Amino acid sequence: MPPPRWLPVPAGTQRGAAQWLDEQTGAWVLLLTLARMVPFFAVVNGEFGLTARGPLSQQLPVTTCLRLALAGCDSGFGQQAARHLDSMGFKVFASVLDLESAGAKELRQSCSPGLTLLQMDLTKPEDIRKAQQLVQPQTARLWGLVNNAGFDDTIADAELSPLCKFRTCMDVNFFGTLELTKALLPLLRSSRGRIVTISSPAGDMPYPCLAAYGTSKAALTLLMDTFRSELEPWGVKVSVILPGYFKTGKSHSPTSQAVMGGDDDSEKEQLLASLPADLLQAYGEEYIHEINKQFVKFMKIANEDLSLVVNSIADALISVSPAARYYPGRGMRLMYFIHHYLPSVIRDLFLKAFFINQKLPRALQPKPQNGLKQE
């Protein structure tokens, strides 16, 4: 391979391209470094508003014949998205856990008669079948599916998190979403429609103390990336939304929908009661109290304005060329730059600095010497 014309090659030499490249290592390293920095400038521009993806710039017309199915509309992103999309003119099928809940009643009061509420628990296949049977006769062309339902009620290290919590997160966040998506795919393929899924940065990065939630979201994100590739020939566009730090209801999540928080200590006490004595002794009750205290403190600075996420959902549904991934929330693009381009130790330090910084477990703390108590 001859060297690029814009890099000088010493005249009068007969050396091969490989030898020449070896001698130009410094120049190539500099070029590759600059190339890696290109996303950084895009990140900075996006974070500080210098440039931005034009929201809803080239958009498809919205008519009442366009049908949408939204999962997880009891509160938070799902509820606000249902209300917003209804106001845009979509015919919305919004699922809730309880048709008589406060969230369901609020949607009835604030939305048009065109919005239809569905009772659906994603862990129950019969609920998904009922929702499918209700949606299918009313629409031959389902334009979009918004997967928003999510769950986590454990803030703890992976070793401290009961296995049942991992299974519950997978059942709701992954298997339930998978089953619903597969059930509605024939309608979406017919309309060459859209699939929009709320995932989480905790599925891409090791957020401290969110192991059960994060692993389910990692599986979900990969699933949607796979759907995006496989459904491309059908004309179905698939987008994943990775929100920043938002308060999404009475249970506030730093990364998506429903995570233990606030002043309710019941989950924490149940966790302490479920731990084997030797494991509790190794970590210490104070360790679990501290990480939950940090989580509650963190959630006090989370963003209560969900419009960034709702606008991303709308853009993914009606933009002519929706993005494969959306990162609503200040700081998320910078966090992903750190994740992709800097050493993992720096990323871990950032996550601990801005989220939860676990203290040393009891068994690892320095022991008092000479009979003196530690202060």
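List pairs: first residue in segment 178-194 and in contact (Cβ under 8 Å) with a residue 24 or more places away in the chain, second residue open to solvent by 40 Å² or more (accessible area, probe 1.4 Å) anywhere in the structure, Cβ distance under 6 angstrom, at least six positions apart or on different chains.
Final answer for the pair search is Ala183/Gln132; Arg189/Trp234; Ser191/Arg141; Arg194/Lys237.
Considering only helices (runs of 4 or more DSSP H) fully contained in segment 303-375, which possess at least 3 residues that are among the β-branched types (Val, Ile, Thr) and over 18 Å from Leu210 (Cβ atoms)?
Output list reads 307-318.
Can you report the number of residues in segment 318-349 which are hydrophobic (A, V, I, L, M, F, W, C), at pLDDT 90 or above and surrounded by 15 or more Cβ atoms within 10 Å (Cβ to Cβ)?
The number of residues fulfilling the criteria is 4.
Only one of these is at pLDDT 95 or above, assigned to a helix (DSSP H, G or I) and surrounded by fewer than 21 Cβ atoms within 10 Å (Cβ to Cβ): Thr215, Thr177. Name it.
None of the others qualify; the one that does is Thr215.
For segment 268-293, what are the residues that are open to solvent by 50 Å² or more (accessible area, probe 1.4 Å) and assigned to a helix (DSSP H, G or I)?
Result: Glu269, Gln270, Ala273, Ser274, Ala277, Asp278, Gln281, Glu285, Glu286, His289, Glu290, Lys293.
Answer yes or no: is there a residue in segment 220-231 that is of a type in the set (Phe, Trp, Tyr), farther than 24 Å from Asp127 by Cβ and either free of Cβ contacts under 8 Å to residues at least 40 places away in the same chain or open to solvent by 10 Å² or more (accessible area, probe 1.4 Å) (or both).
no
Considering every residue within segment 130-152, establish whether at least one is open to solvent by 60 Å² or more (accessible area, probe 1.4 Å) and under 24 Å from Ile356 (Cβ atoms).
The answer is yes; a qualifying residue exists.
Give the number of residues within segment 197-212 that are surrounded by 24 or more Cβ atoms within 10 Å (Cβ to Cβ), closer than 21 Å to His289 by Cα and in contact with a Ser or Thr (Cβ under 6 Å, 6 or more places away or on another chain).
Of the residues in segment 197-212, 1 are surrounded by 24 or more Cβ atoms within 10 Å (Cβ to Cβ), closer than 21 Å to His289 by Cα and in contact with a Ser or Thr (Cβ under 6 Å, 6 or more places away or on another chain).
Looking at segment 82-139 only, could you name the residues that are among the hydroxyl-bearing types (Ser, Thr, Tyr) and part of a helix (DSSP H, G or I)?
Of everything in segment 82-139, those that are among the hydroxyl-bearing types (Ser, Thr, Tyr) and part of a helix (DSSP H, G or I) turn out to be Ser87, Ser110.
Could you grab me the full set of residues in segment 300-310 that are in contact with a Phe, Trp or Tyr (Cβ under 9 Å, 6 or more places away or on another chain) and modelled with pLDDT of 90 or more?
Matches in segment 300-310: Leu306, Leu308, Val309, Val310.
Please go through (1) within 15 Å of Ala82 (Cα to Cα); (2) under 27 Å from the mean Cα position of the chain (by Cα) for Gln109 and return the number of the only condition it doesn't satisfy.
All conditions are met except number (2).
Just to be sure, is Asp152 modelled with pLDDT under 90, in contact with a helix residue (DSSP H, G or I) (Cβ under 7 Å, 6 or more places away or on another chain) and among the charged types (D, E, K, R)?
yes
Being open to solvent by less than 60 Å² (accessible area, probe 1.4 Å), modelled with pLDDT of 95 or more and among the aliphatic types (A, V, I, L, M) narrows it down to one of Val296, Val238, Val259, so name that one.
From the options Val296, Val238, Val259, the qualifying one is Val238.
Residues of segment 122-138 being closer than 28 Å to Thr221 by Cα and touching a residue at least 40 places away in the same chain (Cβ under 8 Å), which ones?
Scanning segment 122-138 gives Leu122, Thr123, Pro125, Ile128, Arg129, Ala131, Gln132, Leu134, Val135, Gln136.
Looking at segment 314-364, which of its residues are of a type in the set (Gly, Ala, Ser), more than 30 Å from Leu66 (Cβ to Cβ) and touching a residue at least 24 places away in the same chain (Cβ under 8 Å)?
Across segment 314-364, the qualifying residues are Gly331, Ala363.
Quick one: Gln136 ticks every box in (1) farther than 28 Å from Leu308 by Cα; (2) of a type outside the set (Gly, Ala, Ser); (3) modelled with pLDDT of 95 or more bar one, so which box is it?
Against the list (1) farther than 28 Å from Leu308 by Cα; (2) of a type outside the set (Gly, Ala, Ser); (3) modelled with pLDDT of 95 or more, Gln136 comes up short only on (3).
Cβ-Cβ distance below 6 Å, separation of 6 or more or different chains: which pairs start in segment 89-104 with a residue that is farther than 18 Å from Leu145 by Cβ and open to solvent by less than 60 Å² (accessible area, probe 1.4 Å) and end on one that is among the charged types (D, E, K, R) and assigned to a loop (DSSP other than H, G, I, E, B)?
Ser101/Asp74; Gly103/Asp74
The values are calculated or read from the model by the stated rules, or taken from the named source; none is laboratory data. The structure presented is a predicted model; accordingly, all values stated were derived computationally and were not measured. Note that we place each Cβ from the backbone using ideal geometry, even for glycine, and neighbour counts take in every protein chain shown. Keep in mind that these areas ignore ligands, DNA and RNA; they rest on the heavy atoms of the full protein, side chains included. Shrake-Rupley method; radii C 1.70, N 1.55, O 1.52, S 1.80 Å.
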